[in-house]
Amino acid sequence: MSHAYIISDVQLKDSEAVELYRTRAAASIAKFGGRYLVRGGEIEVLEGAWWPSAVIIAEFPDMPTARAWYRSADYATALEVRDAALTRNLILVEGVDPPA
């Protein structure tokens, strides 16, 4: 079964709210077997007109687990402060199956 990836293009708003959101989100991601692959870092646009200020990518074991995380009570605690912390575009994408 393929891994699943939550990809977020984030614009930060309030540093205190961001820290609270990050702490809560990270704990909930770990609880669902997820991990961060990208959490900010340098961005270099190679093609197109996409100019994100921060990109975050979290990996989950599979699509059902990623969906369960997003809809969970654990992640809901992070969502309570999201609007004060940041604005974003967020997608869920399925990865490719590992070679046999």
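The values are calculated or read from the model by the stated rules, or taken from the named source; none is laboratory data. Keep in mind that what you see is a predicted model, and the values were worked out from it rather than measured. Note: ideal-geometry Cβ built from the backbone for every residue, glycine included; neighbour counts use all protein chains shown.
Descriptive notes on the structure:
- Failed item in (1) among the aliphatic types (A, V, I, L, M); (2) over 17 Å from SER15 (Cα atoms); (3) touching a helix residue (DSSP H, G or I) at 6+ places or on another chain (Cβ under 9 Å), with ALA84 passing the rest: (2)
- Residue under evaluation ILE91, criteria (1) of a type in the set (A, V, I, L, M, F, W, C); (2) surrounded by 15 or more Cβ atoms within 10 Å (Cβ to Cβ); (3) outside any helix (DSSP H, G or I), criterion not met: (2)
- ALA85, sole failed condition from (1) loosely packed, with under 14 Cβ neighbours inside 10 Å; (2) in contact (Cβ under 8 Å) with a residue 60 or more places away in the chain; (3) farther than 21 Å from ALA4 by Cα: (1)
- Checklist (1) part of a helix (DSSP H, G or I); (2) over 15 Å from ASP74 (Cα atoms) applied to ALA26, failing item: (2)
- Among the residues of the range 23-43, those identified as among the charged types (D, E, K, R) and at pLDDT below 95 are ARG39, GLU42.
- Applying a threshold of 7 Å to beta carbon distances and a minimum spacing of six or more residues, or different chains, the list of pairs starting in the range 34-57 at a residue that is under 12 Å from VAL10 (Cα atoms) and assigned to a strand (DSSP E or B) and ending at one that is at pLDDT 95 or above and among the acidic types (Asp, Glu) reads VAL55/ASP9.
- Inter-residue pairs, beta-carbon under 6 Å, first free of Cβ contacts under 8 Å to residues at least 60 places away in the same chain and in the range 3-28, second part of a strand (DSSP E or B), 6+ apart: none
- Subset of the range 1-49 [aromatic (Phe, Trp, Tyr) and within 22 Å of VAL96 (Cβ to Cβ)]: TYR5, PHE32, TYR36
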